[in-house]
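Peer 1: This is the structure I have questions about; it appears just below.
The values are calculated or read from the model by the stated rules, or taken from the named source; none is laboratory data. It should be emphasised that the depicted structure is a prediction, and the values quoted were computed from it without experimental measurement. Neighbour counts are summed over all protein chains in view; Cβ atoms, including those assigned to glycine, are modelled from backbone coordinates with ideal geometry. These area figures cover heavy atoms from the full protein model, side chains too; ligands, DNA and RNA do not enter into them. Shrake-Rupley method; radii C 1.70, N 1.55, O 1.52, S 1.80 Å.
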Amino acid sequence: MNAALGARILVIDDEPQIRKLLKVTLQAHQYDHYECADGEEGIMQASMVHPDLIILDLGLPGISGMDVLHRIREWSQVPIIVLTAKDQEADKIAALDAGADDYMTKPFGMGELVARIRVALRHVAKTTDEPILRFGSLVIDLALRQVELDGEQIKLTPTEYEMLKVLASNAGKIITQRQLLQQVWGAHHHESDSHYLRVYVGHLRKKLKEDPTRPSYIQTEPGIGYRFLLPAE
């Protein structure tokens, strides 16, 4: 499926003006638009419509957006972008750790939201069981545990490789510090060990010949985690 055409997008938000604005924007970009104003109806619609992506407001009346997120994640891995009026890192991290794919803080620009939608849909389209991941001149062979850049093999330590594999396998998504620590170092590690991440991300960036101020591969989401960038279309 073309990520820019015909995808079914479900909006769960209790603010009529936000829903109206999203409807106009999504339809202008040729997405199939569905909407509802509360969490219970949102869960029902998600099960009936089978959307390709959900835009979910965390500040819903009644059942909260976080509860909706948890309940949908019990049976679906559909990409979910959460909207929040709260500009607190803890809320964003909690949503991402609960299974959200991305977040936007209200007020937000429609252009940026559409870009995030495209990235989320491209991530789903790119998810396969193929053992080789390609990002321009960067090639990651998961079967052989080898990494090449510009046709030359890069030597990575086991930890560097595991970190790159986690990030690249989830390209386009934000991986929180907690998720990355647990997947690379194990469940006994937690956010207080985030200095490990800064050190190893620094090593990876050097080996990927990356300018950290203008990342091509690993983007820092301050206070939250990291995002492996998909190549521009």
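Peer 1: What ratio of Cα Rg to 2.2 N^0.38 Å holds for the range 132-228?
Peer 2: On the way: Rg = 12.7 Å, N = 97, 2.2 N^0.38 = 12.5 Å.
Against the empirical 2.2 N^0.38 Å value, I get 1.01 for the range 132-228.
Peer 1: Would you please report the Å³ per residue occupied by the convex hull of the alpha carbon atoms in the range 1-65? Spell out each step's value before the answer.
Peer 2: Details: hull volume 4.3 nm³, N = 65.
Normalising the Cα hull of the range 1-65 by residue number yields 66 Å³.
Peer 1: May I ask you to list the GluC sites (Glu not before Pro) in the range 39-89 that are in a DSSP loop and have at most 11 other Cβ atoms within 10 Å of their Cβ?
Peer 2: Numbers: sites: GLU40, GLU41, GLU74, GLU89; in loops: GLU74.
Counting only loop positions with at most 11 other Cβ atoms within 10 Å, the GluC sites (Glu not before Pro) in the range 39-89 are GLU74.
Peer 1: In 5 Å bins starting at 0, how do the alpha-carbon pair distances of the range 8-125 split up by percent?
Peer 2: 2, 12, 25, 28, 22, 9, 1
Peer 1: Another question, if that's okay. May I ask you to compute the full-extension gain from THR157 to GLU89, defined as 0.36 nm times their residue separation minus their alpha-carbon distance, rounded to one decimal in nm? Display every interim value, and only then the final one.
Peer 2: Working: separation 68, 0.36 × 68 = 24.48 nm, distance 3.11 nm.
Additional length available on full extension: 21.4 nm.
Peer 1: Quick one: helix 39-49 against the long Cα principal axis of the chain, what's the angle to the nearest 10°, folded into 0 to 90?
Peer 2: Around 70 degrees separate the two axes.
Peer 1: Might you report the magnitude of the Cβ-based charge dipole of the chain about its Cα centre, with Lys and Arg at +1 and Asp and Glu at -1, to the nearest 20 debye?
Peer 2: On the way: 26 positive and 33 negative charges, 136 e Å.
Taking the Cα centre of the chain as origin, the dipole is about 660 debye.
Peer 1: List the pairs from LYS106/LYS209; LYS23/LYS106; LYS92/LYS155; LYS106/LYS165; LYS106/LYS206; LYS165/LYS209 whose alpha-carbon separation is above 25 Å, in the order I gave them.
Peer 2: On the way: LYS106/LYS209 35 Å; LYS23/LYS106 16 Å; LYS92/LYS155 34 Å; LYS106/LYS165 32 Å; LYS106/LYS206 35 Å; LYS165/LYS209 17 Å.
Violating the 25 Å Cα-Cα cut-off are LYS106/LYS209; LYS92/LYS155; LYS106/LYS165; LYS106/LYS206.
Peer 1: Continuing with this model, one more query. In debye, nearest 20: dipole of the range 132-228 around its Cα centre with unit charges on the Cβ of K, R (+) and D, E (-)?
Peer 2: Numbers: 13 positive and 11 negative charges, 18 e Å.
That gives the range 132-228 a dipole magnitude of about 80 debye.
Peer 1: Same structure again: Tell me, what is the per residue accessible area of the range 1-143 in Å², probe radius 1.4 Å? Walk me through the numbers before you get to the answer.
Peer 2: Values: 6890 Å² over 143 residues.
Per residue, the range 1-143 has an accessible area of 48 Å².
Peer 1: To continue, here is another question. Report the one residue of PRO107, ALA171, ALA94 whose Cα lies farthest in the direction of the positive end of the charge dipole of the chain (charges on C-beta: Lys and Arg +1, Asp and Glu -1; origin at the Cα centre).
Peer 2: The residue sitting most towards the positive pole is ALA171.
Peer 1: Along the charge dipole of the chain, which of LEU156, ALA37, ILE18 sits closest to the positive end, that is, farthest toward it, with unit charges on the beta carbon of Lys, Arg, Asp and Glu (+1, +1, -1, -1)?
Peer 2: LEU156
Peer 1: On a 1.4 Å probe surface of the protein chains, which of SER216, SER64 comes out largest in accessible area, and what is the full order? Please list the in-between numbers first.
Peer 2: On the way: SER216 75, SER64 35 Å².
Descending accessible area places them as SER216, SER64.
Peer 1: Toward the positive end of the charge dipole of the chain, about the Cα centre and with charges on Cβ (Lys, Arg +1; Asp, Glu -1), which of SER47, ILE117, GLY136 goes farthest?
Peer 2: GLY136
Peer 1: Another question, then. In what sequence, largest accessible area first, do THR105, THR84 appear using a 1.4 Å probe? All intermediate terms of the calculation are to be shown ahead of the outcome.
Peer 2: Numbers: THR105 35, THR84 5 Å².
The most accessible residue leads, giving THR105, THR84.
Peer 1: For the range 147-232, which whole-number percentage of the solvent-accessible area (1.4 Å probe, protein heavy atoms only) is attributable to carbon and sulfur atoms?
Peer 2: On the way: 2110 of 4360 Å².
Looking at the range 147-232 in its full context, I get 49 percent from C and S.
Peer 1: Using a 1.4 angstrom probe with every protein chain in place, what is the largest-first accessible-area order of MET163, MET48?
Peer 2: MET48, MET163
Peer 1: At 222 nm, what helix-only mean residue ellipticity would the chain give, in deg cm²/dmol to the nearest 500, using -39500 (n - 2.57) for each DSSP H run of four or more? Intermediate results must be reported in sequence, preceding the final value.
Peer 2: Details: 8 runs with 94 residues, N = 233.
Counting only the DSSP helices, I get -12500 deg cm²/dmol.
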